[in-house]
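Working notes, beginning with the structure itself.
The values are calculated or read from the model by the stated rules, or taken from the named source; none is laboratory data. Keep in mind it's a predicted model, so treat the numbers as computed, not measured. Glycine also receives a Cβ, built like all others from the backbone with ideal geometry; neighbour counts cover every protein chain displayed.
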Amino acid sequence: MTLVFGIETSCDETAAAVVEDGSVIRSNVVASQIELHARYGGVYPEVASRAHIEAISVVVDQALSDADVTGEQIDAIAVTRGPGLIGSLLVGVSYAKGLALALDKPLVGINHLEGHVYSLWLTEPERPILFPVLVLVVSGGHTELLLMRDHGVYERLGGTLDDAAGEAFDKVGRMLGLPFPGGPNIEKAAQKGNASAFDFPRAKADDSYDFSFSGLKTAVLRAATVPPANSSRRAGSKDQPFVLRSGISVADVAASFQRALVEALVIKTARAAQEFGVTEILIAGGVSANGALREAMRRETALPVRVPPLELCTDNAAMIAAAGYYRYTMGMRHDIDLDAVATWSLTTAAYEAL
Ligand code: KG4
Ligand code: ZN
C-alpha cells in the first residue's frame, strides 16, 4: 500500500488529503475562501495567499487525523506546483517542502490540470479506465481537450482561444447580478428558465478542437444589460455596475447562455471522441459539476462519460495526491529547490521540460 499526502493551494481553496494507491480517498479536507472573495465578486490574489497562510497548518493536521495516519506513515508528498496564482502556490509549495524535509519523505510537484484529470481515477475505481481516453478539463482558468494514451501522456487537441468556460460562467454571473462564483448560481437560476428564449451563438463552425466564448459573452452582455452611459468606463466596473434591461428574465438568459456554452463544449468533444476512437470521455474541473453539461454529453455520445462526484469537481487535494501517486510510481522526485510556476500547460513535453 502506498499513501500519498496531497497539498493544493493554487487558487482559492486550501486543501490537503491522503490517498491510498492513487484511487482510495482516506481523507479530503478543503477550506474554501469563497465567502471571503464573494464580497469582491472574484478572487483577490493578496487576500487569497494570506488566507492560505492562515489555514494551511490546520488543514494539513486535519487531513492526517481524518485519515488516521501519522506523517511517518506517508510514502510521498505531492503538491500543486502550478499553474495558478503565484503567491497562493508558494504557500503550498513552501509548506510541502518543509514537511518533506522534516519527515524525510520524497516530494513530487504536480500540475494542477493533471490533478483535475486524476480526479477521474478516484471516481468509480472499481471500473478501471482503459486508454486511450479523451479528457475535457473545464475550470475557472482552463478549457482543455486532451487525448490521453497512457498515464502522464497528454496530446493537447485544443482549448479555449479566449475565456475559460468557468470564467465565462463567472463573468455572465456578474452581468446578471448573481453571487460569486457564477457557475453554480447560473445553473441554479437556469433551472427556472427557458433555454430557447435567446438564440446565443454556439461554437465557431470550424474543424479545429478550439473553443471561443468571448462572442457568446458579448452577446449575453448586449441582450441582458443596458449599454453604459459613460462609454469611456468599462461596464461592470465599480463606478459603472451592470444594469439589467427592464423586464428581462435572468432565468431565461442564464438557461440560454448555459445551453449555448454546453453545446459548444459537447459538439467538439463528441467529434474528437469519434475521430480518435477512445474508450470513454472524462470530464473534470469545476464546470464538470454542471448538470446540463453532464446530461448533454451523455445524450450526444454513445460512449461512457465519466464525471467526478461534486466534491471532486472543484479544487481539492485528493486529486493532487492521486496524480502524485502515478508520478511517484513512475519515478518522479523533486528536491528542496522545487519552485512554483504560474503558467504551465499540460502536455507531455511541458511536464518533462520542468
Ligand atoms: O476547478 P475549479 O474549482 O478551480 C479552477 O481550477 O479554476 O473551478 C472553478 C470554476 C468556477 O469558474 C465556477 O464558476 C465553476 O468552476 N463552476 C461551475 C459549477 N460549479 C463550479 N460552472 C458551472 N456549473 C457549475 N455547477
Ligand atoms: Zn482547478
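Taking TYR95, is it buried (at least 16 other Cβ atoms within 10 Å of the Cβ), aromatic (Phe, Trp, Tyr) and closer than 14 Å to ALA317 by Cβ?
Details: buried (at least 16 other Cβ atoms within 10 Å of the Cβ): yes; aromatic (Phe, Trp, Tyr): yes; closer than 14 Å to ALA317 by Cβ: yes.
Spelling it out, TYR95 is indeed buried (at least 16 other Cβ atoms within 10 Å of the Cβ), aromatic (Phe, Trp, Tyr) and closer than 14 Å to ALA317 by Cβ.
Please find, within the range 299-329, the residue that is surrounded by the most Cβ atoms within 10 Å (Cβ to Cβ) out of those that are more than 19 Å from VAL24 (Cβ to Cβ) and out of contact with any strand residue (DSSP E or B) (no Cβ under 9 Å at 6 or more places or on another chain).
Among them, the one singled out is GLU300.
For residues that are more than 20 Å from TRP344 (Cβ to Cβ) and either assigned to a helix (DSSP H, G or I) or of a type outside the set (Asp, Glu) (or both), tally how many sit in the range 53-103.
Narrowing the range 53-103 to residues more than 20 Å from TRP344 (Cβ to Cβ): 53-76, 98-103.
The next check asks that each one be either assigned to a helix (DSSP H, G or I) or of a type outside the set (Asp, Glu) (or both); those that pass are 53-67, 69-74, 76, 98-103.
The number of residues fulfilling the criteria is 28.
Identify, by number, the condition in (1) under 19 Å from ARG174 (Cβ atoms); (2) in contact with a Ser or Thr (Cβ under 9 Å, 6 or more places away or on another chain) that VAL250 doesn't meet.
(2)
Considering only the range 153-180, state which residues are part of a strand (DSSP E or B) and within 15 Å of ligand 2 (Cβ to nearest atom).
Here is the first cut: in the range 153-180, the residues part of a strand (DSSP E or B) are 153-160.
Correct list: GLY159, THR160.
Please specify each residue of the range 84-110 satisfying the condition of being within 22 Å of VAL24 (Cβ to Cβ) and within 14 Å of ligand 1 (Cβ to nearest atom).
If the condition is that a residue be within 22 Å of VAL24 (Cβ to Cβ) and within 14 Å of ligand 1 (Cβ to nearest atom), then ILE110 is the only one that fits.
Is it the case that some residue within the range 149-159 is within 26 Å of VAL278 (Cα to Cα) and hydrophobic (A, V, I, L, M, F, W, C)? Explain how you work it out, then say what you get.
Narrowing the range 149-159 to residues within 26 Å of VAL278 (Cα to Cα): 149-159.
Restricting the remaining residues to those that are hydrophobic (A, V, I, L, M, F, W, C) gives 153, 157.
Among the residues of the range 149-159, at least one is within 26 Å of VAL278 (Cα to Cα) and hydrophobic (A, V, I, L, M, F, W, C), which makes the answer yes.
Could you check the range 327-352 and list, in sequence order, the residues that are under 25 Å from ASP21 (Cα atoms) and of a type in the set (A, V, I, L, M, F, W, C)? Give the derivation first.
Initial filter on the range 327-352 (under 25 Å from ASP21 (Cα atoms)): 327-336, 338, 346-348, 351-352.
Residues satisfying the conditions are MET330, MET332, ILE336, LEU338, LEU346.
Tell me, which residue of the range 1-28 that is surrounded by fewer than 24 Cβ atoms within 10 Å (Cβ to Cβ) and β-branched (Val, Ile, Thr) is farthest from ligand 1 (Cβ to nearest atom)? Give the steps one after another, and end with the answer.
First, pick out the residues of the range 1-28 that are surrounded by fewer than 24 Cβ atoms within 10 Å (Cβ to Cβ): 1-3, 13, 20-28.
Checking which are β-branched (Val, Ile, Thr) leaves us with 2, 24-25.
Numbers: THR2: 26, VAL24: 22, ILE25: 17 Å.
Looking at the filtered set, the residue picked out is THR2.
Tally the residues that are among the charged types (D, E, K, R), at pLDDT 95 or above and not in a helix (DSSP H, G or I), restricting the search to the range 325-349.
Final tally of qualifying residues: 2.
Could you go through the range 307-324 and let me know if any residue there is away from ligand 2 (no atom under 15 Å from the Cβ) and assigned to a helix (DSSP H, G or I).
Yes, there is a match, as at least one residue in the range 307-324 is away from ligand 2 (no atom under 15 Å from the Cβ) and assigned to a helix (DSSP H, G or I).
Is it the case that the range 166-182 has a residue that's of a type in the set (Asp, Glu), at pLDDT 95 or above, surrounded by 21 or more Cβ atoms within 10 Å (Cβ to Cβ) and over 17 Å from ILE248 (Cβ atoms)?
Looking only at the range 166-182, we keep the residues that are of a type in the set (Asp, Glu), and these are 167, 170.
Then drop every residue that is not at pLDDT 95 or above, which leaves 167, 170.
Right, trim to surrounded by 21 or more Cβ atoms within 10 Å (Cβ to Cβ) and you get 167, 170.
Of the ones still in play, those that are also over 17 Å from ILE248 (Cβ atoms) are 167, 170.
Looking for residues that are of a type in the set (Asp, Glu), at pLDDT 95 or above, surrounded by 21 or more Cβ atoms within 10 Å (Cβ to Cβ) and over 17 Å from ILE248 (Cβ atoms), one finds at least one in the range 166-182, hence yes.
Just to be sure, is ALA197 within 13 Å of ligand 1 (Cβ to nearest atom) and within 30 Å of PRO241 (Cβ to Cβ)?
Working: within 13 Å of ligand 1 (Cβ to nearest atom): no; within 30 Å of PRO241 (Cβ to Cβ): yes.
When the stated conditions are applied, ALA197 does not pass them.
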